[in-house]
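Enquirer: My questions will all concern the structure given below.
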Amino acid sequence: MALIITDDCINCDVCEPECPNEAIYLGEHIYEINPDKCTECVGHFDEPQCVQLCPVACIPVDPQHVESREQLMQKYERLQQETLKSRG
């Protein structure tokens, strides 16, 4: 399951630098999460770091992107391979 940032976001800038997959970015009005990069921190941490740090609790699971823990781990592994390839 990827996460999503709701309209309750106050653009506090806490979540974006903590995302190990660089899935969080500043959208047109609020921060957003790229579901293709979000692993809910599987492979990096036990808990999603953005959820842990968000002062307004505006980062729920995205019902449009439901994935099992195994699928999130596969996504993590794919992202790691892509990172290695891009570094040459």
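The values are calculated or read from the model by the stated rules, or taken from the named source; none is laboratory data. As the structure is a computational prediction, the values presented were derived from the model and not from experiment. For neighbour counting, all protein chains shown are included, and Cβ atoms are generated from backbone atoms with ideal geometry for every residue, glycine included. The accessibility values were calculated without ligands, DNA or RNA, using every heavy atom of the protein model including side chains. Shrake-Rupley method; radii C 1.70, N 1.55, O 1.52, S 1.80 Å.
Enquirer: Let's see if you can work this out: charge +1 on each Lys and Arg Cβ, -1 on each Asp and Glu Cβ, no other charges. What is the dipole magnitude of the chain about its Cα centre, in debye to the nearest 20? Could the numbers behind the result be given before it?
Expert: Working: 6 positive and 17 negative charges, 83 e Å.
Dipole size: approximately 400 debye.
Enquirer: Quick one: how many Å² of ILE30 are accessible to a 1.4 Å probe, rounded to 10?
Expert: Solvent-accessible area, nearest 10 Å²: 30 Å².
Enquirer: Now a separate question. Accessible area per residue of the stretch 14-87 at 1.4 Å probe, in Å²? Provide the component values of the computation, followed by the final result.
Expert: Values: 4910 Å² over 74 residues.
I get 66 Å² per residue for the stretch 14-87.
Enquirer: Follow-up question, since we're still on this one. On full extension of the chain, what length is gained from GLU77 through ALA57, given 0.36 nm per residue of separation minus the C-alpha to C-alpha distance? Present the calculation step by step, with values, prior to reporting the outcome.
Expert: On the way: separation 20, 0.36 × 20 = 7.20 nm, distance 2.79 nm.
So the chain would gain 4.4 nm between GLU77 and ALA57.
Enquirer: Return the carbon/sulfur percentage of the accessible area of the chain, one whole number, probe 1.4 Å, all protein chains in place. Show your work: numbers first, answer last.
Expert: Working: 2740 of 5770 Å².
The value for the chain is 48 percent carbon and sulfur by accessible area.
Enquirer: Follow-up. Once percent of Cα pairs over 16 Å apart is worked out from the coordinates, which option in [x] 70; [y] 49; [z] 44 does it equal?
Expert: Checked against the structure: label [y].
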